[in-house]
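A quick write-up on the structure given underneath.
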Amino acid sequence: MAQREKFVYRFDEGGKEMVDLLGGKGAGLAEMTKIGLNVPPGFTITTKACIAFLKNGGFPEGMMDQVMQALHDLENRVGRVFGDEKNPLLVSVRSGAPVSMPGMMDTVLNVGLNDSTVEGLAFMTDNRRFAMDAYRRLIQMFGEIVYGLPHEEFREKIEYVKKTRGYDEDRFTVQDLQGLIDQYAVIYRKHGKVFPQDPQTQLVESIKSVFNSWNSKRAVAYRKMNGIRDDMGTAVSIVAMVFGNMGDDSATGVAFTRDPNTGEKKVFAEYLTNAQGEDVVAGIRTPKYIDDMKNEMPQVYADLMKTCDILEHHYRDMQDIEFTVERGKLYLLQTRTGKRSARAAIRIAIDMIDEGIISEEEALMRITPSTFDRTMHPQVKTTGRETPLGKGLAASPGAASGMIVFSSERALEIGKTKKMILVRPETTADDVRGMAVCEGFLTQKGGMTSHAAVVARAMGKPAVVGVESMSVNANEKTLTIGGKKLREGDVVTIDGTSGYFYEGELPVEKPTIDEYSKRLLEIADRYRRLGIRANANTPEEAKIARENGAEGIGLARTERMFLGNDRIGIMRSMIMSETAEERKKYLDQLLPMQIHDFVEFFRTMEGYPVIIRLLDPPLHEFLPNKEDIIRQIYDINSGNGNRDDLPYLERLLKTVRDLEEFNPMLGFRGCRVGLVYPEIYDMQVRAIIEAAARVIDEGRVIYPEIMIPLVGHHNELKKIRARLEETARSVKNHEKVKYKFGTMIEIPRACVTADKIAQYADFFSFGTNDLTQMTFGYSRDDAEGKFMFFYLENGILESDPFSSVDRDGVGELMKMAVERGKKTKPDLEVGICGEQGGDPDTIEFCDEIGLDYVSASPHRIPVARLAAARSNIVRNRPEMDQVAKY
Ligand code: PEP
Ligand code: MG
């Protein structure tokens, strides 16, 4: 006989390694059962059953038999019977996918109640009010989830009772609840439905609904946004009900074992007494905090603290748990790895190293470069004189300004054309798509674990939630606070780090790197092989780069130094010169300025290498635009302007016309200019050697490196090197200066002939901007604005090769260049200085192909340090890639 497939696992049969089959919730419940925590008994229907159900439109054969068998077993354990009028067993039917999708799928509580079992429950618990409350919740949840009846219609009924009675729903009386149940029946009827009295039908329909919720619109959208596979399915856990709504000694709540916003080692919990299930997360009533629990339920508080500690050590990570307190006894209903803000992720990783829970490598692997990057997000810059509009909970750090919109639909309509802040009474899973196009969120209700807060942290966007003093009217599209009314289109600034929000647009500033980030980066520095340098064109940028941890300058583009007001005129005169003599005259004027620049650079980067690249761009880039010159000439000829300027302007125009090219990026630029007008590079080399000699005379140790751009043939470099060495030798005190001489590798031919080029170079630096441009044949200045978006949208390219190196094409050329170059010169120094050098994927690639360093813009240095460490760890220990990442 073929062995029957096992679709159902009791909690004591599973474990945390069975996440794929039992889902996160099922596996967590099983694991907690295994380690002896107080979990109500239950069982889990596998994700495989869900996949089969969704494929065939019905339960797989044998599944329901196994469910009934497990249910029977559950009855025996609890000593109650499902559907029994006197002693009814009630269960919850909970969703739980292998990957956490908070709030995306459905759960039905109190399954098993009907008009007669509710009497049994009332009798058994001696609490009629409680029984009625549980029953009305089942009818509501079942209606919403199984039949898709509108949530608002049920809420309206509750709000009506609240308003007429003048008390909150935890104080509703038996009569109130009976009235509510009758009203709910009206809602059902209105939609042509009847609440099923048969518990078995309730169970079957609830399971189906949870299975189907895997394919709900919002779940599909969430998966798409988070890159989660569609074929995993959800498991369903059936759990014996415990009740948080049995009176003031009962409660329901959620807890994070550490503060999910700051990472502080302090249990962060929110709970509601005399409430059930989703009440806390839904943000319907404003919850109480852990300190209240200490006073209100000291024993539960102590148990909760102990449980959090056990779970954290067991899972070696911060946990997000759901619990229920039934008549003073703590039950655990879920544990999962807690979502956290980027800042919290870093602090938790560092603290856990110190607490001996995780290793340094694990800590580095937990923090993704993009998470780290988020901590370097803007903060509202206040002068202290601004009056905030209000304050709520600082639920997700960062700052954002934008026009307010009151619904996700509206946000989607407007799209990304405007910066928007979504303002809602509270958000739900249906808002996720709209939230994706907004800069930040502001809600009237909800706590730190509310939907808006959790989603904001996951998206890395700022959120201020639970602003009790604000009233949001989504229909009228207004928010009112402190006598002020704002409407759609009005601009606000929210500060998710402080919880304040302001009218209008406030300036924002980048935060400094805090002590935990600093520690993480220091650790990263010990684990990376790659050197990290910076692209800096001014000594000021070099300073920032050094503060951020750069170990040298990988690229100083000297052309930027000729653009200052005191220099551009001289530069233009030099370009307009007709003879070498004339050019030299102007170059002599530029020389002291260049010396000054380089002195500053060398001083700032004392002890570190500085690669100075000689002039690269086409000369026309230093001249005014042709149309402007023609207009000026025209104006003068029409009687406006000074006729004395005419000869200069005409000469300028002639030069611009002479320099005009069809393809300037493939034209007279880089070393080609250096070869045709060697006096330009002569001046630059003289400046470098003179500056270096001066700084060395100050007693400083420096490492100058001279780099030639756009070399495609080894003869170019051979000729330039010979001349420049001679020039260097002509400088006074030159013998004090040890310098390297090298080249950019940014033309495909240079990669192919790297062995020959290496004969004349001490170092290579990949200019992947030009190399990508010339390998793909895409203009680096035009592609993004023209077709790149289309290519990415349509999957022609997976990623923008100007952001992240194209491994298959450009990358292969780089590999070839490294191999061939090192064959000629084994100690050849090789790095990258194209924009992609700051991109984590590119850094990983550069590590793989054995580059010595990457060079990135100064603000990307911290992330590059982390990315380089992670890459090295995974190269040496591939299993480290399995570590949970935040
Ligand atoms: C490059 O081409 O990658 C490079 C760094 O040089 P530039 O961007 O100045 O052309
Ligand atoms: Mg270039």
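The values are calculated or read from the model by the stated rules, or taken from the named source; none is laboratory data. What you see is a predicted model; the values in this text were computed from it and never measured. Cβ coordinates were reconstructed from backbone atoms using ideal geometry, including for glycine residues, and neighbour counts include every protein chain displayed. Please note that ligands, DNA and RNA were not included when accessible areas were found on the heavy atoms of the full protein model with its side chains. Shrake-Rupley method; radii C 1.70, N 1.55, O 1.52, S 1.80 Å.
The distance separating the Cα centre of the stretch 507-583 from that of the stretch 55-71 comes to 65 Å.
Please report the equivalent ellipsoid semi-axes of the stretch 261-374, computed as sqrt(5 x eigenvalue) of the Cα gyration tensor, largest first, in whole Å. Mind dumping the intermediate values first?
Numbers: eigenvalues 162, 51, 27 Å².
Computed over the stretch 261-374, the values are 28, 16, 12 Å.
What's the center-to-center distance, using Cα atoms, between the stretch 307-331 and the stretch 123-199 in Å? Here the two parts' Cα centres lie 30 Å apart.
The residues of the chain have, on average, 42 Å² of accessible surface per residue, using a 1.4 Å probe with all protein chains present.
By average Cβ neighbour count within 10 Å, what is the ranking of 234-246, 296-308 from highest down?
Working: 234-246: 27.1, 296-308: 17.4.
The most tightly packed comes first, giving 234-246, 296-308.
Dipole of the chain computed with +1 at Lys/Arg Cβ and -1 at Asp/Glu Cβ about the Cα centre; of 63, 53, 783, farthest Cα towards the positive end is 783.
Under 20 Å of direct C-alpha separation, and excluding same-chain neighbours fewer than eight residues apart, residue 825 reaches these aspartates and glutamates: 705, 716, 725, 746, 755, 762, 812, 847, 848, 852.
For Cα pairs less than 8 Å apart in space and 6+ apart in sequence, what is the mean separation divided by the residue count of the stretch 753-886, i.e. the relative contact order in percent? Don't skip to the end; give the middle numbers.
Numbers: 157 pairs, mean separation 37.1, N = 134.
This gives 28 percent for the stretch 753-886.
Over 22 Å between Cα atoms, which of 266/294; 418/445; 163/485; 265/288; 419/485; 626/719 qualify? Distance filter (> 22 Å) returns 418/445; 163/485; 626/719. Check cross-link reach from residue 190 to the lysines: straight Cα distance under 18 Å, and skip same-chain residues fewer than eight apart. Reachable lysines: 157. Selection among 692, 636, 678 by position relative to the dipole of the stretch 627-692 gives 678 as farthest towards the positive end (Cβ unit charges, Cα centre). Take each peptide in 178-188, 740-750, count the other Cβ atoms within 10 Å of every residue, and average; sorted highest first, the result is 740-750, 178-188. Listed values for the stretch 612-617 are Karplus-derived 3J(HN,Hα) couplings in whole Hz (6.51 cos²θ - 1.76 cosθ + 1.60, θ = phi - 60°), namely 9, 9, 6, 2, 10, x, and x replaces Gly and Pro. Hey, any idea what Rg/Rh is for the stretch 612-661, computing Rh the Kirkwood way over Cα pairs? A ratio of 1.11. A simple spin-label model places pseudo-atoms 7 Å from Cα toward Cβ; at residue 509 and residue 630 they are separated by 4.8 nm.
Nonpolar atom fraction for the stretch 223-355, defined as the carbon and sulfur part of the 1.4 Å probe accessible area, stands at 48 percent. Averaging the Cα positions of each part gives two centres, and for the stretch 8-48 and the stretch 227-258 these lie 13 Å apart.
What a 1.4 Å probe finds exposed on the stretch 388-473 is 48% carbon and sulfur by accessible area, rounded to a whole percent.
Over all directions, how big on average is the projection of the convex hull of the alpha-carbon atoms in the stretch 561-602, in square nanometres?
Details: hull surface 11.4 nm².
Convex hull of Cα atoms, orientation-averaged projection: 2.9 nm².
Working from label points 7 Å from Cα in the Cα-to-Cβ sense, the residue 410 to residue 292 distance is 3.1 nm. Solvent-accessible area assigned to carbon and sulfur over the stretch 812-866 amounts to 47 percent, based on a 1.4 Å probe. With the largest listed first and rounded to whole Å, the semi-axes of the equivalent ellipsoid of the chain from the Cα gyration tensor are 66, 30, 24.
3J(HN,Hα) along the stretch 849-857, derived from phi through the Karplus expression 6.51 cos²θ - 1.76 cosθ + 1.60 where θ = phi - 60°, amounts to 8, x, 5, 8, 7, 10, 10, 9, 5 Hz, with x in place of Gly and Pro.
Using R0 = 30 Å, the C-beta based FRET efficiency linking residue 381 and residue 543 works out to 0.90.
Using C-alpha pairs under 8 Å with a sequence gap of at least 6, the mean separation divided by the residue count of the stretch 568-656 gives a relative contact order of 28 percent. Placing a label point 7 Å from the Cα of residue 700 along the Cα-to-Cβ direction, the residues of the stretch 588-617 whose backbone N falls under 19 Å of that point are 592-613.
Whole-percent P(r), the stretch 641-722, all Cα pairs, 10 Å bins from 0: 14, 30, 26, 19, 10, 1. Computed about the Cα centre, the dipole magnitude for the stretch 681-817 is approximately 820 debye when only Lys and Arg (+1) and Asp and Glu (-1) carry charge, each at its Cβ. Amide hydrogen proximity for residue 703: with H placed 1.01 Å from N in the peptide plane, the residues at 5 or more positions away or on another chain lying under 5 Å are 607, 608, 610.
When a/c is below 1.5 the answer is rounded, else prolate if a/b is larger than b/c, else oblate, so apply that to the stretch 401-530 with a ≥ b ≥ c taken from the square roots of the Cα gyration tensor eigenvalues.
Values: a/c = 2.13, a/b = 1.95, b/c = 1.09.
Prolate is the answer for the stretch 401-530, as a/c is 1.5 or above and a/b outweighs b/c.
Helical content alone sets the calculated 222 nm signal of the chain at -13500 deg cm²/dmol, taking -39,500 (n - 2.57) per DSSP H segment of four or more residues and averaging over every residue. For the chain, averaging the sequence separation of C-alpha pairs within contact (under 8 Å, six or more residues apart) and dividing by the residue count gives a relative contact order of 9 percent.
Go through 480, 345, 797 and say which Cα lies farthest out towards the positive end of the charge dipole of the chain; charges sit on Cβ, +1 for Lys and Arg, -1 for Asp and Glu. Going by the charge dipole, the pick is 797. Ignoring aspartates and glutamates fewer than eight residues from residue 55 along the same chain, the ones with Cα atoms less than 16 angstrom from its Cα are 230, 231. Computed across the stretch 150-306, the Kirkwood hydrodynamic radius from all distinct Cα-Cα pairs reaches 18.9 Å.
Close amide-amide hydrogen proximity is noted between residue 82 and 89, each under 5 Å apart and 5 or more residues distant or on a separate chain (H modeled in the peptide plane; Pro and chain starts excluded). Is the shape of the stretch 357-423 rounded, prolate or oblate, going by the alpha carbon gyration tensor and its root eigenvalues a ≥ b ≥ c, with a/c under 1.5 for rounded and a/b larger than b/c for prolate? Judged from the Cα gyration tensor, the stretch 357-423 comes out oblate (a/c at least 1.5, b/c at or above a/b).
If only the Cβ of Lys and Arg carry +1 and only the Cβ of Asp and Glu carry -1, the dipole of the stretch 203-336 around its Cα centre is close to 500 debye.
Normalised radius of gyration for the stretch 540-669, please: alpha carbon Rg relative to 2.2 N^0.38 Å, two decimal places.
Details: Rg = 18.3 Å, N = 130, 2.2 N^0.38 = 14.0 Å.
Relative to the rule-of-thumb radius for its length, the stretch 540-669 sits at 1.31.
Between the amide H of residue 765 and those of 743, 744, 745, 831, distances stay under 5 Å, these residues lying 5 or more places away or on another chain, with hydrogens modeled in the peptide plane.
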